[in-house]
Amino acid sequence: MLTVSGLTKRYGDRLAVDHLDLRIPRGVVAGFIGPNGAGKTTTMAMLVGLARPTAGDGTILGVPIRDTARALRRVGALLEGPAMWPSLTARQNLVVLARLGGQDEDRIAAVLELVGLADRADDKFGKFSLGMKQRLGIAAALLGDPELLILDEPTNGLDPAGISDMRELLVRIAGDDRTVLVSSHLLNELEQICDWLVIIDGGRLLYSGPAREFGAATDPEVVLRPVERAALEGLSELVSARGLEPRTTDGALLVPVGGNDALALAGSLNGAAATGGIVLSEVRVQRPTLEAAYLDMLEGVHR
Amino acid sequence: MIRAYRAELARLLRRRMLIGTAIVIVVTAIAGAAIVLSAAEPAARVSSEGYTPTIESLSRAGGGTEVFRYVAAFWGTFVFVVFVGLFALDFSRGTYRTMLLRQPNRLRLLAGRMAAFLTVAAGILAVAEAATWVAARLQASGQGISTSAWNGTAALGAAVSDYAIVLVWVTGYAVLAMAVAMLVRSLAVALAVGILWAGPLEHLIQNAWASAPRFFPGLLLEAIGQRGTPRVGMTQALVTAAVYTVVAAIVSVVAFTRRDVTTA
């Protein structure tokens, strides 16, 4: 679906993207993650022909990215925010873009409906809120009924309600058997919708693969919280006696699962605590969030 | 190119835009004709160096549309500013990015847009010429200018000729404006550079160097608008301006196709 190899972009002395190799399979929602200045937008701009790669190559839907005209026929994109003509209405903007892209103008009503702007179709773009502009930008990207959708920070500047709306919209769009590549800083939002992750830092690839496998190397932990805080020390000794290495945090004990079955270990530790006369108010298995795993990874890289 | 052309026309030919343009045309025709007619003097009193309408030339067959050519000449800087705005504003707004995602062939995008702008300009000029002719006809007798020769085949030929001259003049300004916009990519800078150069700078140089009108693009376009001047003939002005226009078009295309369109 989308592959790049050795993709590089240099601006003077600054290497914005450094020999990036990645592959995104068909049908996934891929989250594109990295700190500010990591090279996400530049990479996306090279994929859609807005920026010329210094080196490297790739294909989109089997078409070389340097043959932009052919590659973009089946791609919809929204990069660096929604840019349209403020004095034109939402519908007029889409008419202009549909004609420019040689796309079916009959789809305008459908995409406006999909992004929830059908009742604002005749309002001027300049009067729209940022959230509405983002949605219209996505509507424009969907005009050609693309197989691949590339969205750069579609939640930028949105309030919590807008972010939630955008998440639902992305889920709806992805549900139509599309491949979506979306960059965002909101990792908890990405965690809920992505099944593939691409992580870059300093223009270099750190991870590209299934979301469920990212952070899998980081152990889950069993959280044990005694009713009596004073029992924490005894609980720690009891766990340590089993060859485990717990750590204490905020009135609870965190026990790395290691090679054990997490749920079995949690049950066994609960039983041991009860036998030792310690009553627990909380026993659960805690898996690392995308954000925690991502921050761990970055810390490792910069250490 | 056809897609870009159709898209640009959809953007330009909106009711509000057309109404606004119609109002500007009517006001300009009435006021412009009044100014030109009242400025007309007997030929004997007019210096060959100046660009002043004479009562004799305005009374000839092409007098009605000559008024239009004089009125158009007042708008040189405005035409340049409009075209700089049309090409540069899309960089400031980020809309080139949006357009290139639909039409990645940059040469076709630029050519389609230019063709659409010039089509609209051609339409506006045709209406403006007719409106100015009517306005001049209604006011001419009050200025002692005979309009008896303003009808007929000769007048129609002169009208076509005057229209073609103004259209060439507008096309030259449009291509130069596009080149400035493509090179500096900023509305404010493009306007500052363009107006400063084509406005005071070229005219100051002209005052110091008599041959300047034969070499500078703005002065050459002015000469075309005046059907040639004592310092530069029409043919020389047309040929030299055509060279500038071709060079400016090539520069525009190269600048637009080779540079990234991102804020990164």
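The values are calculated or read from the model by the stated rules, or taken from the named source; none is laboratory data. As the structure is a computational prediction, the values presented were derived from the model and not from experiment. Please note: Cβ atoms are built from the backbone with ideal geometry, for glycine as well, and neighbour counts cover all protein chains shown.
Are any of the residues in the range A:53-74 β-branched (Val, Ile, Thr), in contact (Cβ under 8 Å) with a residue 60 or more places away in the chain and facing chain B (nearest Cβ under 8 Å)?
no
Looking for something farther than 17 Å from B:Gln103 by Cα, surrounded by 23 or more Cβ atoms within 10 Å (Cβ to Cβ) and of a type in the set (A, V, I, L, M) - is there at least one such residue anywhere in the range A:82-90?
Among the residues of the range A:82-90, at least one is farther than 17 Å from B:Gln103 by Cα, surrounded by 23 or more Cβ atoms within 10 Å (Cβ to Cβ) and of a type in the set (A, V, I, L, M), which makes the answer yes.
For the range A:112-138, what are the residues that are at pLDDT 90 or above, within 23 Å of the chain's Cα centre (by Cα) and of a type outside the set (D, E, K, R)?
Of everything in the range A:112-138, those that are at pLDDT 90 or above, within 23 Å of the chain's Cα centre (by Cα) and of a type outside the set (D, E, K, R) turn out to be A:Leu136, A:Gly137.
Restricting attention to the range A:145-165, does a residue exist that is among the hydroxyl-bearing types (Ser, Thr, Tyr), more than 14 Å from every other protein chain (Cβ to nearest Cβ), surrounded by fewer than 20 Cβ atoms within 10 Å (Cβ to Cβ) and free of Cβ contacts under 8 Å to residues at least 40 places away in the same chain?
Checked the range A:145-165: at least one residue is among the hydroxyl-bearing types (Ser, Thr, Tyr), more than 14 Å from every other protein chain (Cβ to nearest Cβ), surrounded by fewer than 20 Cβ atoms within 10 Å (Cβ to Cβ) and free of Cβ contacts under 8 Å to residues at least 40 places away in the same chain.
Could you tell me how many of the residues in the range B:164-199 are among the β-branched types (Val, Ile, Thr) and within 11 Å of the chain's Cα centre (by Cα)?
6
Restricting the range A:91-102 to residues that are surrounded by 22 or more Cβ atoms within 10 Å (Cβ to Cβ) and more than 29 Å from the chain's Cα centre (by Cα), which is nearest to B:Asn105 (Cα to Cα)?
Out of the qualifying residues, it is A:Leu100.
A:Arg52 - would you say it is within 30 Å of B:Leu12 (Cα to Cα) and surrounded by fewer than 24 Cβ atoms within 10 Å (Cβ to Cβ)?
no
Can you name every residue in the range B:122-160 that is among the hydroxyl-bearing types (Ser, Thr, Tyr), assigned to a helix (DSSP H, G or I) and modelled with pLDDT under 90?
Correct list: B:Ser141, B:Thr153.
Just a yes or no: is a residue in the range B:55-62 closer than 28 Å to B:Leu176 by Cα and touching a helix residue (DSSP H, G or I) at 6+ places or on another chain (Cβ under 9 Å)?
No: the range B:55-62 contains no residue that is closer than 28 Å to B:Leu176 by Cα and touching a helix residue (DSSP H, G or I) at 6+ places or on another chain (Cβ under 9 Å).
Output the number of the condition that A:Leu244 fails; it satisfies all remaining conditions of (1) under 30 Å from A:Asp165 (Cβ atoms); (2) part of a loop (DSSP other than H, G, I, E, B).
Of (1) under 30 Å from A:Asp165 (Cβ atoms); (2) part of a loop (DSSP other than H, G, I, E, B), only one is false for A:Leu244: (1).
Filter the range B:61-86 for residues that are more than 14 Å from every other protein chain (Cβ to nearest Cβ) and under 30 Å from A:Leu78 (Cα atoms); which is surrounded by the fewest Cβ atoms within 10 Å (Cβ to Cβ)?
Restricting to residues being more than 14 Å from every other protein chain (Cβ to nearest Cβ) and under 30 Å from A:Leu78 (Cα atoms), the top hit is B:Val82.
Test of understanding: among B:Ser161, B:Ser141, which residue is closer than 19 Å to B:Gly32 by Cα, surrounded by fewer than 16 Cβ atoms within 10 Å (Cβ to Cβ) and polar (S, T, N, Q)?
Numbers: B:Ser161 fails: closer than 19 Å to B:Gly32 by Cα.
Of B:Ser161, B:Ser141, the one residue that is closer than 19 Å to B:Gly32 by Cα, surrounded by fewer than 16 Cβ atoms within 10 Å (Cβ to Cβ) and polar (S, T, N, Q) is B:Ser141.
Hey, any hits in the range B:164-171 for a residue that's closer than 19 Å to B:Val79 by Cβ and in a loop (DSSP other than H, G, I, E, B)?
no
Restrict the check to the range A:33-50 and report whether at least one residue is part of a strand (DSSP E or B), at pLDDT 90 or above and not hydroxyl-bearing (Ser, Thr, Tyr).
No: zero hits.
Tally up the residues in the range B:97-117 that are under 18 Å from A:Val48 (Cβ atoms), more than 8 Å from chain A (Cβ to nearest Cβ) and touching a Leu at 6+ places or on another chain (Cβ under 6 Å), please.
0
Collect the residues in the range B:193-246 that are in a helix (DSSP H, G or I), of a type in the set (Val, Ile, Thr) and free of Cβ contacts under 8 Å to residues at least 60 places away in the same chain, keeping them in residue-number order.
B:Val193, B:Ile205, B:Ile224, B:Thr235, B:Val239, B:Thr240, B:Val243, B:Val246
Please state which of the following conditions A:Gly267 fails to meet, knowing it meets all the rest: (1) surrounded by fewer than 19 Cβ atoms within 10 Å (Cβ to Cβ); (2) in contact with a Ser or Thr (Cβ under 7 Å, 6 or more places away or on another chain); (3) in a helix (DSSP H, G or I).
The failed condition is (2).
Output yes when any residue across the range B:100-116 is within 13 Å of the chain's Cα centre (by Cα) and not aliphatic (A, V, I, L, M), and no when none is.
Within the range B:100-116 (the criterion being within 13 Å of the chain's Cα centre (by Cα) and not aliphatic (A, V, I, L, M)), the answer is no, since none of the residues qualifies.
Among (1) more than 13 Å from chain B (Cβ to nearest Cβ); (2) free of Cβ contacts under 8 Å to residues at least 40 places away in the same chain; (3) assigned to a loop (DSSP other than H, G, I, E, B), where does A:Ser87 come up short?
(1)
Which residues, counting only those in the range B:1-60, are part of a helix (DSSP H, G or I), within 14 Å of chain A (Cβ to nearest Cβ) and either within 17 Å of B:Arg227 (Cα to Cα) or among the hydrophobic types (A, V, I, L, M, F, W, C) (or both)?
B:Ile2, B:Ala4, B:Ala7, B:Leu9, B:Ala10, B:Leu12, B:Met17, B:Leu18, B:Ile19
Part of a helix (DSSP H, G or I), within 14 Å of chain A (Cβ to nearest Cβ), among the β-branched types (Val, Ile, Thr) and surrounded by fewer than 21 Cβ atoms within 10 Å (Cβ to Cβ): which single residue out of B:Thr263, B:Thr257 fits that description?
After ruling out the rest, the residue left standing is B:Thr257.
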